[in-house]
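One structure is given here, and the rest of the page talks about it.
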Amino acid sequence: MAANVRIGNHEADLIALDVELNELIFIEVKTRQNKKYGEPSYAVDRAKIKSMNIVAKNYCRTQQIKLDYRFDIITVISGKIEHYENVTWLFKQ
């Protein structure tokens, strides 16, 4: 649907539609050559999810989309791709 959507200082790398669940997916993509500095998904912290939520709310409002949405992470390490779905639960207290 969209790539590199920015709202001020906030960004979502990709926006996709999950047609099975009929919900938007706001995706953060992290790419690394190796795991020397750790798992790339760990770079997506509470602040990043909060930032993506700002993008999600604004995007849905401006595009007049009334769907549920979630946040996913895609990591790419030396060509190996992993997809972490609905990571929001990681940041709830």
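The values are calculated or read from the model by the stated rules, or taken from the named source; none is laboratory data. Worth saying up front: this structure is predicted, and the values here are computed from it rather than measured. Backbone-built Cβ (ideal geometry, glycine too); neighbour counts: all protein chains shown.
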In segment 49-81, anything surrounded by fewer than 18 Cβ atoms within 10 Å (Cβ to Cβ), under 14 Å from GLU11 (Cα atoms) and charged (D, E, K, R) is listed as LYS50, LYS57
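Filter segment 36-48 down to the residues that are among the basic types (Lys, Arg) and surrounded by 11 or more Cβ atoms within 10 Å (Cβ to Cβ) and list them by number.
Selection gives ARG46, LYS48.
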Give me a count of the residues in segment 9-37 that are in a loop (DSSP other than H, G, I, E, B) and in contact with a helix residue (DSSP H, G or I) (Cβ under 8 Å, 6 or more places away or on another chain).
1
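Considering only segment 8-26, state which residues are aliphatic (A, V, I, L, M) and within 18 Å of VAL44 (Cα to Cα).
Looking only at segment 8-26, we keep the residues that are aliphatic (A, V, I, L, M), and these are 12, 14-17, 19, 21, 24-25.
Across segment 8-26, the qualifying residues are ALA12, LEU14, ILE15, ILE25.
Residues are listed down the side, and each one gets a yes or a no for (1) free of Cβ contacts under 8 Å to residues at least 60 places away in the same chain; (2) closer than 23 Å to LEU17 by Cα; (3) in contact with a helix residue (DSSP H, G or I) (Cβ under 8 Å, 6 or more places away or on another chain); (4) not hydroxyl-bearing (Ser, Thr, Tyr):
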{"position": "GLU39", "(1), (2), (3), (4)": "yes, no, no, yes"}
{"position": "LYS48", "(1), (2), (3), (4)": "yes, yes, no, yes"}
{"position": "ASN53", "(1), (2), (3), (4)": "yes, yes, no, yes"}
{"position": "LEU67", "(1), (2), (3), (4)": "yes, yes, yes, yes"}
Failed condition for VAL76, given (1) touching a residue at least 40 places away in the same chain (Cβ under 8 Å); (2) part of a helix (DSSP H, G or I); (3) farther than 19 Å from MET1 by Cβ, with all others met?
(2)
Members of segment 31-54 found to be under 16 Å from VAL5 (Cβ atoms) and touching a Gly at 6+ places or on another chain (Cβ under 9 Å), listed by number
ILE54
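Residues of segment 25-44 being aliphatic (A, V, I, L, M), under 13 Å from ASN86 (Cα atoms) and at pLDDT 95 or above, which ones? Spell out how you get there, then give the answer.
Looking only at segment 25-44, we keep the residues that are aliphatic (A, V, I, L, M), and these are 25, 27, 29, 43-44.
Applying the additional criterion that residues be under 13 Å from ASN86 (Cα atoms) yields 25, 27, 44.
Once the filter is applied, which keeps residues that are aliphatic (A, V, I, L, M), under 13 Å from ASN86 (Cα atoms) and at pLDDT 95 or above, segment 25-44 yields ILE25, ILE27.
Here's the yes/no breakdown for (1) modelled with pLDDT of 95 or more; (2) out of contact with any Asp or Glu (no Cβ under 7 Å at 6 or more places or on another chain):
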residue	(1), (2)
ARG46	no, yes
LYS50	no, yes
ASN58	yes, yes
GLN63	yes, yes
ILE73	yes, no
SER78	no, yes
